[in-house]
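The values are calculated or read from the model by the stated rules, or taken from the named source; none is laboratory data. Since we're looking at a predicted model, the values are computed, not measured. Positions of Cβ are generated from backbone atoms using ideal geometry, with glycine treated the same way; all protein chains shown enter the neighbour counts.
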Amino acid sequence: MNRYRTIFISDVHLGTPGCQAAFLLDFLRHNDAETIYLIGDIIDGWRLKKSWYWPQEHNDVLQKLLKKARKGCRVIYVPGNHDEAGRQFAGMSFGRIRIRHEDVHVLADGRRLWVTHGDLFDGVMQYARWLAYLGDWLYSVILVANRWFNR
């Protein structure tokens, strides 16, 4: 088992067919840390609103993260735009996973990193949300076309 001080995970998009949950699960099984940051778009609420897709592997990823938190790993979840519903729970903990709007991580040498998903600085998300949804839809179409083409 590899042990790290901190692991940063972002844009997993559990709840989508394109999610590589098996690779993440394998990574989580072979790597441990004092702190794990889940930095947005871990669960794709946008996609799940359209159609439910939740295979066992996606559940296994969440269970593994919850198990790490129970065993003492500090897990901090900073929601992004695709899982923005989680922002209403900032300041709370679920299964020892702390939910924050943002966080500050202190490096071993004392430097400080601001931890945020970054969608708050996306002009499209702030001023033309409809365009973000259109882009998301087009991306989904391209993923389906890519799977069809590769078959």
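Can you name the residue in the range 109-141 that is at pLDDT 90 or above and not in a strand (DSSP E or B) and, of all such residues, is surrounded by the most Cβ atoms within 10 Å (Cβ to Cβ)?
His117
Please note which helices (runs of 4 or more DSSP H) are completely contained in the range 1-108 and include at least 2 residues that are farther than 30 Å from Ile142 by Cβ.
21-30, 56-70
Give me the pairs: first residue in the range 61-83 and closer than 13 Å to Val115 by Cβ, second residue of a type in the set (Phe, Trp, Tyr), beta-carbon distance under 6 Å, and six or more apart or on different chains, which are they?
Pairs that qualify, where the first residue is closer than 13 Å to Val115 by Cβ and the partner is of a type in the set (Phe, Trp, Tyr), are Ile76/Tyr37.
Given the structure, is Trp46 among the aromatic types (Phe, Trp, Tyr), under 27 Å from Leu120 (Cα atoms) and exposed (fewer than 15 other Cβ atoms within 10 Å of the Cβ)?
In short, no.
Between a residue in the range 36-58 that is more than 21 Å from Val115 (Cα to Cα) and any residue that is surrounded by 15 or more Cβ atoms within 10 Å (Cβ to Cβ) and β-branched (Val, Ile, Thr), which pairs come within a Cβ distance under 6 Å, given they are 6 or more apart or on different chains?
Arg47/Thr16
Please go through (1) at pLDDT below 95; (2) surrounded by fewer than 16 Cβ atoms within 10 Å (Cβ to Cβ) for Gly72 and return the number of the only condition it doesn't satisfy.
Gly72 satisfies every listed condition except (1).
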